[in-house]
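Here is the structure we will look at, set down as structure tokens.
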Amino acid sequence: MHPILFQLGPITIYTYGAFVFLGVLVGYLVCTRYASQSGLDDKVFSNIFFWTIISSFLGAKILYIILNIDYFMKEPSNVLRSGFVFYGGVIGGSFALFLLAKRYNISLIKLADIFCLGIPLGHALGRVGCFFYGCCYGKPSDCFFCLLFPPNSPAGTLGVKLIPTQLISAFFLFMIFLLFVVIKRRKKFEGQIFTSYFVVYGIFRFIIEFFRADPRGMFLSLFTSQIISIFLVIAGITLFLRLRRPS
């Protein structure tokens, strides 16, 4: 693990932040290429992407604060240094995308397909960043691929080998990206990519949560992300069946 990528005098570049930035950049490049192929103006789409990403990070931060409200009530100064919740980003980004689609009079479904092609690859790089930082870690285990994290990392405080759920997630997200590249080439209707993303990622996220050990919010004996995953899968299946019907 290398939580610090490099230092330039007083400036410290953290590996987690670098991979998150790289994920956003790669996601942007993938989405921009798809948007251009779909006939969207480059400047218009770049503006849409920018504000959607800003809204996503805000949503991810807000949900993280809500799930850890007791901690932040005691330590409000740690708000800016704390992490994010991916599903909060999905909610925040979706809200912004809805407003921007209306603002530019572009099909929301078309934009959702474009974004959901780039999201898995960008998210995969972000999970690699999680691994280097030591957050979003798995449960203790002696399996052959389990790892012992440095003691100064969040995962290392447990002092035992853990399931590297970050790398498992990164691998699966990369596979989703490759799957969607294939679907894009054989796309039969608008919305096929984003509805498939809802279903495939929702199922995976529901399962991987059982193997994670980092502190997360719970409701009705399920983790918050699992509850959101259930709604995501139901919405994905419903919209997939509705959108695939010929008009």
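Using r as the Cβ-Cβ distance of Gln37 and Ser221, and R0 as 41 Å, what FRET efficiency do you calculate, to the nearest 0.05?
Efficiency, from the Cβ-Cβ distance: 0.35.
If the label point is 7 Å along Cα→Cβ of Asn47, which residues in region 86-110 have backbone nitrogen under 18 Å from it?
96-108
Taking R0 as 30 Å, what's the FRET efficiency between Lys74 and Lys102 from their Cβ-Cβ distance, rounded to 0.05? Present the calculation step by step, with values, prior to reporting the outcome.
Values: r = 41 Å, r/R0 = 1.35.
My answer for the efficiency is 0.15.
When we measure straight from the Cα of Lys161, which lysines land under 16 angstrom away, once same-chain ones fewer than 8 places off are left out?
Result set, ordered by chain and number: Lys139.
How much length, in nm to one decimal, is gained on full extension between Ile234 and Thr157, taken as 0.36 nm per residue of separation minus their Cα-Cα distance?
24.0 nm
Give a quick list of chymotrypsin sites (Phe, Trp or Tyr not before Pro) in region 85-146 that DSSP marks as loop, anything other than H, G, I, E or B, with at most 12 other Cβ atoms within 10 Å. Could you put the intermediate results ahead of the total?
Values: sites: Phe86, Tyr87, Phe95, Phe98, Tyr104, Phe115, Phe131, Phe132, Tyr133, Tyr137, Phe144, Phe145; in loops: Tyr137, Phe144, Phe145.
Sites meeting the loop and neighbour criteria: Phe144, Phe145.
Taking the Cα centre as origin and putting +1 on Lys and Arg beta-carbons and -1 on Asp and Glu beta-carbons, what dipole magnitude results for the chain, to the nearest 20 debye?
My answer is approximately 760 debye.
Put +1 on the Cβ of every Lys and Arg and -1 on every Asp and Glu Cβ in region 1-136; which of Gly89, Gly134, Phe45 then has its Cα farthest towards the positive end of the dipole?
Positive-most Cα among the choices belongs to Phe45.
Which pairs in the list Lys61/Lys187; Lys110/Lys187; Lys110/Lys184; Lys110/Lys188 are over 23 Å apart, alpha-carbon to alpha-carbon? Kindly include the intermediate steps, with their values, before the conclusion.
Details: Lys61/Lys187 34 Å; Lys110/Lys187 12 Å; Lys110/Lys184 12 Å; Lys110/Lys188 13 Å.
Flagged as over cut-off: Lys61/Lys187.
Positive end of the dipole of region 116-247, charges at C-beta (+1 Lys, Arg; -1 Asp, Glu), about the Cα centre: which of Phe194, Ser221, Gly156 has its Cα farthest in that direction?
Of the candidates, Phe194 comes out farthest on the positive side.
List the relative contact order of region 4-243 as a percent without decimals, with contacts defined as Cα pairs under 8 Å and 6+ residues apart.
Normalised by residue count, the contact order of region 4-243 is 19 percent.
Which one is right for this structure if volume of the Cα convex hull per residue in Å³ is calculated from it: [x] 138; [y] 150; [z] 114?
Matching the structure shown: [y].
Just so you know, all these numbers are worked out from the coordinates, no wet-lab data involved. The structure presented is a predicted model; accordingly, all values stated were derived computationally and were not measured. Every residue, glycine as well, gets a Cβ built from its backbone with ideal geometry; the counts of neighbours run over all protein chains shown.
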